[in-house]
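Below you'll find the structure, written out as structure tokens, and then a few comments.
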Amino acid sequence: MSSAVPDRALRELGRTEGTAATLGLLVRDQDTRRLVLLRALLDAAAAAPATVCPPPLLDRLRADWALLEVAERTDRAAVRAVLFHPMTGPWAQRLLAGLTTTVTPGPGLLADLAHVTALAAAATIRAGLPMTARLAARDGQLSLPTLGAVRAEDGPAELAFADGEMTVRPADGPPLTVRTQPDGTMTSADPRWLPVLTLPPVLPGTGPVPLDDVDPYRTRGTGLERHGLSAATHIDDQERKAWIASWAGVEPLLRIGGEHRLTEAAVLLRCLVPLGPPPGSGPTGEAAAHCSGTRREAFGAVLSSKPATPAYFASTLVHELQHTKLAALGALVPLHHEDATPRHFAPWRTDPRPFDGLLQGAYSHLALADYWQRFALGSRRVTPRDLAWAEHARCRQQVGAVLPVLAGSALLTVEGRVLVNEMITLYHRLEDSPPPTGHLARADAYVNTTRVIWQQRNGSPRA
């Protein structure tokens, strides 16, 4: 067994659980990887030819890095809140790819390089240090990651911060003033300021959860439409109130799913990114369609359209945080040596899946089957209970359809074999509390129909 992940922790994760200590292993590894990635950026910029990273930009990058170091010596937590913000990951990977490319870099590289100044400014402001900076608005916004953004025409802007007050002088209008509040948020009476809304902590003693609808890298370069997701959206006041109201009901519903569901949300969830309604779902309010996802390079972020109810909000977190857990575990220790050929049937997708995608989907649906079963057993009202049983049965039968493929792989590592065996143990444990008559039969019919349609579209699954 790998010393990186103790056997106890691996078995917890295999059952889609995880104590705070176990999840902390994943968090520390991801945070370390982020710091290494950021250091690699500085080295790559220094090694890049002047045509890729012009000397003035390299000097600016080094000055921003020095500013980050000063701020970290003052308030380490404040700086790392910015550096470990999920959306810093996609930006860093995008910039590193641009700096190390062998082809002519695109026009976005200079803007990606300039974003370092925005990160340094946000970190310094969080640390409460006086500073001035020259930033550039992009796509109609001047971004300060984790804090907010200013609506402004593209172009240069001057920023100054001192004594808890920030003044921004955009090129296209009068200056605006933004003030730091005791809770660390920043507010302004000027409608050009777009703050990052923070939702209350999942558990007492943990940090608030940002609802980030302004970071420029939250979905850039993802190709969301290929995965059935909508684009990121900026939400208005009415939508913010709806998110807040739905979030208020999430904690007790997660608790129904077990203390481990609260723990994983408290430890892993670093921000929510609101998405628009799913593509093709029709006008707002026409249907309760929903889409959600995660990004491997944005550890701790859950991207989601507004859930219809707190129950579906909670189940979305259960679903997506399993992807977060399993991706982080796979980065820490290899789970299999299967190739990436998309060939496997998955009842939750219309396209063939690679083995890793099959494992990811089975893992998240197994957690959902467990969650909805606990929800049904704990519900006193007939309608929510019946809905929960239906969701449980569907997810359980979907997982049962693919577990033989996962268990039959000869290319699982030792750790991967332990993980899959624990998944099988949980799957069979679900049989101890079967749903009322009819639910499993309908779920079986659903999975069988999905298989027939899949085979008509893709052919029989290949070994």
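List of remarks:
- Residues that are of a type in the set (D, E, K, R) and exposed (fewer than 15 other Cβ atoms within 10 Å of the Cβ), drawn from the range 13-30: R28
- Residues in the range 259-278 that are open to solvent by less than 10 Å² (accessible area, probe 1.4 Å), farther than 11 Å from V202 by Cα, in contact with a helix residue (DSSP H, G or I) (Cβ under 9 Å, 6 or more places away or on another chain) and not aliphatic (A, V, I, L, M): P274 only.
- Residue in the range 349-370 that is open to solvent by 40 Å² or more (accessible area, probe 1.4 Å) and small (G, A, S) present: no
Every residue, every condition in (1) crowded, with 18+ Cβ neighbours inside 10 Å; (2) modelled with pLDDT under 95; (3) aliphatic (A, V, I, L, M); (4) part of a loop (DSSP other than H, G, I, E, B), yes or no:
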{"position": "R380", "(1), (2), (3), (4)": "no, yes, no, yes"}
{"position": "R385", "(1), (2), (3), (4)": "no, yes, no, no"}
{"position": "A390", "(1), (2), (3), (4)": "yes, no, yes, no"}
{"position": "P404", "(1), (2), (3), (4)": "no, no, no, no"}
{"position": "R417", "(1), (2), (3), (4)": "no, no, no, no"}
{"position": "T425", "(1), (2), (3), (4)": "no, no, no, no"}
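- Among the residues making up the range 431-452, those that are open to solvent by 70 Å² or more (accessible area, probe 1.4 Å) and not in a helix (DSSP H, G or I) are P434, T437.
- Close contacts from the range 362-379, counting a first residue that is over 18 Å from P310 (Cα atoms) and a second that is open to solvent by 20 Å² or more (accessible area, probe 1.4 Å) and of a type outside the set (V, I, T), with Cβ to Cβ under 7 Å and a gap of 6+ residues or different chains, come to S364/H319; S364/H323; H365/W348; L366/Y427.
- In the range 170-192, the residues that are of a type outside the set (D, E), more than 10 Å from V150 (Cβ to Cβ) and open to solvent by 40 Å² or more (accessible area, probe 1.4 Å): A171, P174, P175, T177, R179, T180, Q181, P182, T187, A189, P191
- Qualifying residue in the range 193-206 (condition: touching a residue at least 40 places away in the same chain (Cβ under 8 Å), open to solvent by less than 20 Å² (accessible area, probe 1.4 Å) and polar (S, T, N, Q)): no
- Within the range 67-82, restricting attention to residues that are under 14 Å from A121 (Cβ atoms) and within 23 Å of the chain's Cα centre (by Cα), the residue that is most open to solvent (accessible area, probe 1.4 Å) is A81.
- Qualifying residue in the range 132-148 (condition: exposed (fewer than 14 other Cβ atoms within 10 Å of the Cβ), touching a Phe, Trp or Tyr at 6+ places or on another chain (Cβ under 9 Å) and not aromatic (F, W, Y)): yes
The values are calculated or read from the model by the stated rules, or taken from the named source; none is laboratory data. Predicted model, so just to flag it, every value in this text is computed and none were measured. For neighbour counting, all protein chains shown are included, and Cβ atoms are generated from backbone atoms with ideal geometry for every residue, glycine included. Side chains included, ligands, DNA and RNA excluded: accessible areas come from the protein's heavy atoms. Shrake-Rupley method; radii C 1.70, N 1.55, O 1.52, S 1.80 Å.
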